[in-house]
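The values are calculated or read from the model by the stated rules, or taken from the named source; none is laboratory data. Here the structure is a predicted model, which is why all the values come from computation and not from measurement. In this analysis, Cβ positions are derived from the backbone assuming ideal geometry, glycine residues included, and neighbour counts consider all displayed protein chains.
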Amino acid sequence: MAHIDCSFYSTSLKKNAHVIVFIPTVSADDYLEERDVDYYKEEKRFPVLYLLHGSYGDCMDWSRFTGIERYAQEKGIAVIMPSGENSSYVNMEAGEAYLTYITRELPEFMCKMFPLSKERKDTYIAGLSMGGYGTYRCALERPGYYGYAASLSGALDRNVLESADMPHMKKMPRSYVNAVALEHNSDNQLEKLLEKRLSEKAELPKLYMACGTEDPITPSSEAFYKKAKELGVEITYEEYPGVHDWNFWDSHIKDVLRWLP
Amino acid sequence: MAFFQVNFFSPSLCFNTDICVFVPTPNSDEILNHKKSDYFKDGAKFQTLYLLHGAYGDYTDWFRLTGIERYAQEHKLAVVMPSASNSFYQNMYKGSAYLTYLLEELPEFVTKLFPLSKKRENTFVAGLSMGGYGALRLAFQKPEQFAACATLSGAVDIVAVKRDTDKGTIDGPFCWNAIFENTEPEGTQADIFELIKRDKEAGLPLPKVFQSCGTEDFIYPINVEGKKAFEKAGIDLTYEEHPGIHDWDYWDTHIRRVLDWLPLNNDSVEEG
């Protein structure tokens, strides 16, 4: 893997954006074991996973707290980890347009910069907690662009989330919540957006979600899952013992990669 | 500019190494001031400058200590900055194969990962001090790959630099016994002027050379002699000397002269 730390001016955020990217390249193990790897083959285009952090985090989180680089190397996919502040990856009412950035500008930028596949079947998005919400928000914003979307411990149903007993909710400054103003756009309610896409007969990405049985955010994920099932949407849900922490995400991002084609 | 700091395993060095890459992208200045910003498009590739650090330095030097990102942005030029330790850009006798890394592995790696032109006419190398030598070495070791090279305050004559560091009249961190196998560089491929002779005998196309040195620089006398040798060898040489010493003021000022001198088209290349 090449570990690439990117900084560039984002026209949708109107400020510099910071992104961590992994691109498969010859590893020390490949070299030592004389593996016949084709990373340098002409016209090779890598499948790409957009991987979103949770609230209170940034683009460095996944690489610092999990083994995602090793897992992605084994699978031979590129990984793109952007920063989304605490925006829930929506276009904030009084702040940056993260949804536009993540679903439009970032893929366009990355596909111009790096040898990435542009095919829907090779385009994946995943995230944890707020990033799990962001994953489905982005996937439903542009269902024709993403082939697969996976939420880990996702804050999916915002109404149920309100009653979750989590410091994540209580400690977030009210001013920031007001700036995001999720409630001012009904598309930010995933269950409503899902209904809307179904009524438009959009082809949905394949959906996966996993939660920890001891995680207070799980009811928020489950509520969305139930709604999706009621609507007849194909969605895979797995529960594992665990809480809202990096042990869980480091273990179960591997399940996400296993679930991906 | 997009700024990329890349860490990867290098099979030719046998360890992880870092590079910094700039690729032109529309920046806030272009958008605020309604400048040209349509060069970043599908199929666009960029002219590329490999930019080499001096002794005691690494890949961070150029972007930390000069305004190279701004200057390259004006010219829509991609820049690749690698690390080569104090190897004098050689395949070291006792040490790592920096020349192979820089000539064979790195260009393949960066042109695979980034939208960089592979054409000779769009590929350049420059450096300062030890990196000035490195620029000449890469360009004349593989002249079919580089259209032009530039040396700022360069150690253009490695034979003279080794002689002077052996005598102690020039300081250097070079472990010559690790760099070369018990031999003097004179008459080998490490000697730029021997290398040029061999290129000419082989009928290879010769890159053009920009040479600049400060008149108060300790390495100025070596550059004056080097100029004569380039001229004698019939190299297409642009020579400049200016008041200045061996420091970043000189390199920050004169890397801009290098960019003005390079055959840049100030736009992306190779559409489609």
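Filtering segment B:12-26 to residues that are under 20 Å from B:ALA44 (Cα atoms) and facing another protein chain (nearest Cβ under 8 Å) leaves B:VAL23, B:THR25, B:PRO26.
Working carefully through the options B:LYS167, B:LYS142, B:LYS94, B:LYS112, find the one that is more than 14 Å from chain A (Cβ to nearest Cβ), free of Cβ contacts under 8 Å to residues at least 60 places away in the same chain and more than 25 Å from B:LEU237 (Cα to Cα). Give the steps one after another, and end with the answer.
Working: B:LYS142 fails: more than 25 Å from B:LEU237 (Cα to Cα); B:LYS94 fails: free of Cβ contacts under 8 Å to residues at least 60 places away in the same chain; B:LYS112 fails: more than 14 Å from chain A (Cβ to nearest Cβ).
That would be B:LYS167, the only listed residue that is more than 14 Å from chain A (Cβ to nearest Cβ), free of Cβ contacts under 8 Å to residues at least 60 places away in the same chain and more than 25 Å from B:LEU237 (Cα to Cα).
Quick check: anything in segment A:13-20 within 14 Å of another protein chain (Cβ to nearest Cβ) and closer than 20 Å to A:LEU260 by Cα?
Within segment A:13-20 (the criterion being within 14 Å of another protein chain (Cβ to nearest Cβ) and closer than 20 Å to A:LEU260 by Cα), the answer is no, since none of the residues qualifies.
Within segment B:94-109, not a single residue is part of a loop (DSSP other than H, G, I, E, B), at pLDDT 95 or above and either of a type in the set (D, E, K, R) or over 19 Å from B:ILE19 (Cα atoms) (or both).
Name the residues in segment B:147-173 that are basic (Lys, Arg) and either surrounded by 23 or more Cβ atoms within 10 Å (Cβ to Cβ) or under 17 Å from B:GLY131 (Cα atoms) (or both), would you?
Within segment B:147-173, the first condition is being basic (Lys, Arg), and the residues that meet it are B:162-163, B:167.
Hit for segment B:147-173 is B:LYS162, nothing else.
Taken together, the residues in segment A:110-127 that are more than 22 Å from A:LYS206 (Cα to Cα), out of contact with any Cys (no Cβ under 9 Å at 6 or more places or on another chain) and surrounded by 22 or more Cβ atoms within 10 Å (Cβ to Cβ) amount to 1.
Starting from residues that are in contact (Cβ under 8 Å) with a residue 40 or more places away in the chain and not hydroxyl-bearing (Ser, Thr, Tyr), keep the ones in segment B:37-47 and report whichever is nearest to A:TYR9 (Cα to Cα).
First, the residues of segment B:37-47 that are in contact (Cβ under 8 Å) with a residue 40 or more places away in the chain: B:39-41, B:43-47.
Filter once more, keeping what is not hydroxyl-bearing (Ser, Thr, Tyr): B:40-41, B:43-47.
Values: B:PHE40: 13, B:LYS41: 15, B:GLY43: 20, B:ALA44: 18, B:LYS45: 19, B:PHE46: 18, B:GLN47: 21 Å.
Looking at residues that are in contact (Cβ under 8 Å) with a residue 40 or more places away in the chain and not hydroxyl-bearing (Ser, Thr, Tyr), I get B:PHE40.
May I ask you to verify whether B:LYS200 is surrounded by fewer than 18 Cβ atoms within 10 Å (Cβ to Cβ), out of contact with any Leu (no Cβ under 8 Å at 6 or more places or on another chain) and on the phi < 0 side of the Ramachandran plot? Against the criterion (surrounded by fewer than 18 Cβ atoms within 10 Å (Cβ to Cβ), out of contact with any Leu (no Cβ under 8 Å at 6 or more places or on another chain) and on the phi < 0 side of the Ramachandran plot), B:LYS200 does not qualify.
When A:ALA179 is tested against (1) at pLDDT 95 or above; (2) more than 14 Å from A:MET130 (Cβ to Cβ); (3) surrounded by 15 or more Cβ atoms within 10 Å (Cβ to Cβ), only condition (1) is not met.
Among the residues of segment A:138-157, is there at least one that is surrounded by fewer than 18 Cβ atoms within 10 Å (Cβ to Cβ), farther than 20 Å from A:TRP246 by Cβ, in contact with a strand residue (DSSP E or B) (Cβ under 8 Å, 6 or more places away or on another chain) and not small (Gly, Ala, Ser)? Within segment A:138-157, one or more residues are surrounded by fewer than 18 Cβ atoms within 10 Å (Cβ to Cβ), farther than 20 Å from A:TRP246 by Cβ, in contact with a strand residue (DSSP E or B) (Cβ under 8 Å, 6 or more places away or on another chain) and not small (Gly, Ala, Ser). Counting the residues of segment B:27-63 that are of a type in the set (D, E, K, R), within 30 Å of B:TYR133 (Cα to Cα) and within 14 Å of chain A (Cβ to nearest Cβ) gives 1. Selection over segment B:203-236 of residues that are closer than 18 Å to B:SER129 by Cα and either without any contact (Cβ under 8 Å) to a residue 40 or more places away in the chain or within 19 Å of the chain's Cα centre (by Cα) (or both) gives a count of 17. Just one of the listed residues (B:ILE245, B:ILE219) is surrounded by fewer than 16 Cβ atoms within 10 Å (Cβ to Cβ) and in contact with a Gly (Cβ under 9 Å, 6 or more places away or on another chain), and it is B:ILE245.
For segment A:25-52, filtered to residues that are at pLDDT 90 or above and touching a helix residue (DSSP H, G or I) at 6+ places or on another chain (Cβ under 6 Å), the residue that is farthest from the other protein chains (Cβ to nearest Cβ) is A:LEU52. As a summary of the residue check, A:LEU194 satisfies the conditions (1) in contact with a helix residue (DSSP H, G or I) (Cβ under 7 Å, 6 or more places away or on another chain); (2) closer than 30 Å to A:HIS3 by Cα; (3) among the aliphatic types (A, V, I, L, M) except for the one numbered (2).
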